[in-house]
Structure formats: structure tokens, C-alpha cells
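Comments concern the structure below.
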Amino acid sequence: APEAGDGEPDDSGEITEFLVAPLQPKGSERGEAKKWVDAIRSERERHETRRLLYVASTRAREELHLFARPSYKIAKDGSLSLCDPPESLLKTAWPAFDAEVRARFDAWLASAGSATLEKLAAAAEDSLPPMPLAVHPARLRRLPLDYSTAPSEASLAAGTGPVIQGMSSMQLYERHEGGLLARALGKAVHALLQQLAQLLATQPWEAARTALGRMQPRIAAEIRAAGVEQAQAARIAAQALHIALEAAADPVGEWILSPHAAAGSEVRWTGAVAGSLHTVQADRVFRAGIRPRWAGDEAWWIIDYKTAHAEGLDPDAALPALREVFAPQLEAYAQVLRGLHGGDAPIFAGLYYPLMLRLDWWEI
């Protein structure tokens, strides 16, 4: 009969469990215990397939294209009908696409001539013939001859990668392209700070902090979906929540996250930067006074949260070097902001480091 573990947690703090089932003699039918164990294994495999599809689908940044080739069967009277897919990624996604695929299949049958259907029936092919796809205009973008990929935050913070010389030659970096765990922590901190700013738009500080704490399991699940082991995902989620709550208790962090005029989190703009069209995304944008924590709304503030740096840095020594790395990115944000709202109001940029609880700011 199946047995569970001894109930003693391992080094990770989790209970170790295992199953034991009797081996069946070759050629004999499976016993009830073996059937149960096989069913548990199959169910886990189905869950893993769903997780794989989720991870693959949520990595897309702008567009997601799914390709599939469902099968059909031919009845004795020569009619064609679509088959449900066997165990596969397609079957996992089938509840979401079943109706649309069947509608396209029926439309194809209605438009196909009888000669075509008779030919398919005679050939008894076992695959789905081509069906018309939705028409999407092709979009081509030619890269300049001197194009090269942008350095990551991790490599820039470590002092590697190409040096950014200024706006005329600036390359917009991709965020969090370092190691898997560092990237997961950075994304979790960003998500929690964004959520906290949204909560504060309608709730007082204490209620918002309490509500933020309830997000830890969801953050852990999202980290787990990125391919991180369960215990490690839980630790990263707890660390990210601690960092976010520490930032919320910091007077400058509180000022950044508090409601402001024209405030927004994860704000996306599209505009011309150094003669090219770019889409940029700022972590926090709002109107406030001309110095941190001052009253007023005469100035724009563009704040980016930065976690891609080594822990334990001396802020006074590290901030100037980090500004040199990250300032061109905020200058690009300011250039797009001026194009959208004009240049009458002063614009201040800020790099907020939750691990150091420091804001490095300047006027652009």
C-alpha cells in the first residue's frame, strides 16, 4: 500500500513524502495501489504541462503567436469532423481555443468545393488541411547598420559592457537580464511597489501595507512559474515583500509611492529618442514640488526603481557610478515626456534603490 514520509521536515523546512507500491508480475493486471500511483503521476504530468504552457506564453513582451495542427476524421459518408487533440500542449490550451478553431474549420468546410472534399476523403489523409488564417499586416523594421544589443542592468552595474556616451549614441537597455534569481527578485520588488502605489490611491497606509502582505503567495506562484524551485521561490517572495515594506517605511519611499497629481506606475510611452522611435516604460511618474517631499505640483518626477546591484554597497561611493550608468535611460524618458506634455514644467529624474533606501535625483 502507498506510504507517506515520516513527517520530519528536511533542510528546506518541507515535509518529504514518498510513495511505495507493490511491483506487479509481468503480464498481470495492475493492482489498485499501482493504478492509484499511476493516476497521481499522470495528474502531476498534466499540471507540469499546463505550467510549461503558462511560462512559455507569458514570456511574450508584445505579441504571442500560437501554432497548432489539429487532426480531423472522415466518416463513412465522406463527411469531415474535427478531433479533440490528444495529450499535448494543444490539449492543454484547447478549452480556450476550441470554439475559434471549430468555427474556422466549419468555415473552411463551407467554402471548400465538393471536389476538394471528395479528394480528401479518397486520400484518407490523417491531418488537417490548411485553413484560412486571420489577416494581419506584416510590420517590418529595418535596423541601422551600427545596431548592437543593449547591455543588461546586471552587466552595467558590474562595470562590464559598452559605455554609454550620451543621448546621440544611447542604447536602451533591457531590464533584469541577469541571473534567474536576481531577475525574479527584481521583478517581484517592482510588482509589489507598483501594487502598493495602486493600493494607496484608495486606502490609508496601514491598510495598504496589510493588503500588500497578502500578495506574497501570489508573488511566489509567479516566481515559481518562471522556473524557480518552490522553496527558493517562497524565499524570494518573502525577501521581495520585506524590501517593499522597508521602502514603504522610508520617508522618501513613502513620498514616491503616495498619491500625487498625474501619478502612474509602469507608465509606457512611445516617442522619438535620438532620432528613432522607442517605447519606454517608467516605474513611477507624477507631479510634485521641485524637491523630494516638497508640496506642490509644478514639476514632473520620473522615478526608476533599481535592484540590479550588489548588496552592501556604500551609497556615497556607489551612487555617482550608478547614475552614470542609468541616467541616459531616464533622459530618454524625459525626452519622450516633453514630446507628450511640452517643456514648460521642469522635469526631475530619480533613481530609487530599495536595497539602500536611497534616492539619487537631479533635474533634466
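The values are calculated or read from the model by the stated rules, or taken from the named source; none is laboratory data. Here the structure is a predicted model, which is why all the values come from computation and not from measurement. Reconstructed Cβ throughout: ideal geometry from the backbone, glycine too, with neighbour counts over all protein chains shown. SASA here: full protein model, heavy atoms, side chains in, ligands and nucleic acids out. Shrake-Rupley method; radii C 1.70, N 1.55, O 1.52, S 1.80 Å.
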Expected single match for at pLDDT 75 or above, in contact with a helix residue (DSSP H, G or I) (Cβ under 8 Å, 6 or more places away or on another chain) and either open to solvent by 50 Å² or more (accessible area, probe 1.4 Å) or part of a loop (DSSP other than H, G, I, E, B) (or both) among PRO85, PRO22 is PRO85
How do the pairs read when you match residues in the range 61-78 that are open to solvent by 100 Å² or more (accessible area, probe 1.4 Å) with residues anywhere that are at pLDDT below 75, using Cβ under 6 Å and keeping only pairs 6 or more apart or on different chains?
ARG69/LEU128
Starting from the range 228-246, keep only residues that are under 23 Å from ALA208 (Cα atoms), then list their pairs with residues that are in a loop (DSSP other than H, G, I, E, B) whose Cβ atoms are within a distance under 8 Å, requiring at least 6 positions of separation or different chains.
ILE236/VAL228; LEU241/MET215; ILE243/THR307; ILE243/PRO354; ILE243/LEU355; ALA244/PRO354; GLU246/PRO354; GLU246/LEU357
Look at VAL228 and say whether it is assigned to a loop (DSSP other than H, G, I, E, B) and within 19 Å of the chain's Cα centre (by Cα).
yes
With the checklist (1) open to solvent by 50 Å² or more (accessible area, probe 1.4 Å); (2) modelled with pLDDT under 95; (3) touching a Lys or Arg at 6+ places or on another chain (Cβ under 7 Å) in hand, flag the one item LEU245 doesn't pass.
(2)
May I ask you to verify whether ALA68 is of a type in the set (A, V, I, L, M, F, W, C), outside any helix (DSSP H, G or I) and more than 23 Å from ALA226 (Cβ to Cβ)?
yes
Would you please name the residue that is nearest to the chain's Cα centre (by Cα), looking only at residues in the range 199-208 that are open to solvent by 60 Å² or more (accessible area, probe 1.4 Å) and of a type outside the set (Ser, Thr, Tyr)?
ALA201
Given (1) out of contact with any helix residue (DSSP H, G or I) (no Cβ under 8 Å at 6 or more places or on another chain); (2) at pLDDT 80 or above; (3) more than 21 Å from GLU229 (Cβ to Cβ), number of the condition ARG59 does not satisfy:
(3)
Within the range 267-287, track down each residue that is surrounded by 15 or more Cβ atoms within 10 Å (Cβ to Cβ) and either more than 21 Å from GLU331 (Cβ to Cβ) or modelled with pLDDT under 90 (or both).
VAL267, TRP269, GLY271, VAL273, ALA274, HIS278, VAL280
It is to be established whether one or more residues within the range 277-284 are more than 24 Å from PRO204 (Cα to Cα) and over 19 Å from the mean Cα position of the chain (by Cα).
yes
Those residues of the range 355-364 which are over 14 Å from TRP255 (Cβ atoms) and either at pLDDT below 95 or among the aromatic types (Phe, Trp, Tyr) (or both), in sequence order
LEU355, MET356, TRP362, ILE364
Just to be sure, is GLY213 at positive phi and open to solvent by 10 Å² or more (accessible area, probe 1.4 Å)?
no
